[in-house]
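Right, one structure below, let's go through it.
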Amino acid sequence: MKKIVRSVLLIEPDEFLASIYEKNLEMEDFQVTRIINPERAFKLASTKKFHAIILEISLPQGDGFDLLKIFKEDKQTKNIPVIVLTKLGGKNEIMKIWQYGADDFLIKQHFKPSEVVDKLKRILAK
């Protein structure tokens, strides 16, 4: 029986964390594409089929909130689940994340990489 490969776009500027998340995802048979640049991330997501997007809101080259909003408004990407995985946890930021249409929201300090993968698997099982 052929295994279904699920692809994930990982938008994480921290190289160390990105590699940890990538390893954990790959151990669960996810194909991971890592990217930092928001403009390139959107172009990639709108042309290649991803099963999910994991997005850090704090990006050095742009606004992750804007990127989330674009993902959820664009016809090519609006149905791709977006999990926001961020170090930000202020009330206004959290409200904005939900308002812009995130499918889930995790604060990095509160979740181990394996728990992030479990959360992603639950979202994709819906």
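The values are calculated or read from the model by the stated rules, or taken from the named source; none is laboratory data. Source: prediction; values computed, not measured. We place every Cβ from the backbone using ideal geometry, glycine too, and count neighbours over all the protein chains shown.
Residues of the range 44-79 that are among the hydrophobic types (A, V, I, L, M, F, W, C) and outside any helix (DSSP H, G or I): PHE50, ALA52, ILE53, ILE54, LEU55, ILE57, LEU59. Return a yes/no flag: does the range 46-64 have any residue that is modelled with pLDDT of 90 or more, small (Gly, Ala, Ser) and closer than 14 Å to ILE123 by Cβ. Within the range 46-64, one or more residues are modelled with pLDDT of 90 or more, small (Gly, Ala, Ser) and closer than 14 Å to ILE123 by Cβ. Please specify each residue of the range 42-92 satisfying the condition of being among the small types (Gly, Ala, Ser), closer than 24 Å to HIS110 by Cα and over 13 Å from the mean Cα position of the chain (by Cα). GLY89, GLY90 - these are the residues of the range 42-92 that are among the small types (Gly, Ala, Ser), closer than 24 Å to HIS110 by Cα and over 13 Å from the mean Cα position of the chain (by Cα). Of the residues making up the range 21-43, those that are surrounded by 16 or more Cβ atoms within 10 Å (Cβ to Cβ), in a helix (DSSP H, G or I) and not polar (S, T, N, Q) are TYR21, GLU22, LEU25, PRO38, ALA41, PHE42. In the set (1) in a helix (DSSP H, G or I); (2) closer than 18 Å to ILE107 by Cα; (3) touching a strand residue (DSSP E or B) at 6+ places or on another chain (Cβ under 9 Å), PHE16 fails one condition alone, (3). Candidates in the range 99-116 are the residues that are in contact with a Phe, Trp or Tyr (Cβ under 9 Å, 6 or more places away or on another chain) and either modelled with pLDDT under 90 or part of a helix (DSSP H, G or I) (or both); of these, the one that is surrounded by the fewest Cβ atoms within 10 Å (Cβ to Cβ) is PRO113. Selection of the range 77-120 for residues being basic (Lys, Arg), under 20 Å from MET27 (Cβ atoms) and in contact with a strand residue (DSSP E or B) (Cβ under 9 Å, 6 or more places away or on another chain) yields LYS108, LYS119.
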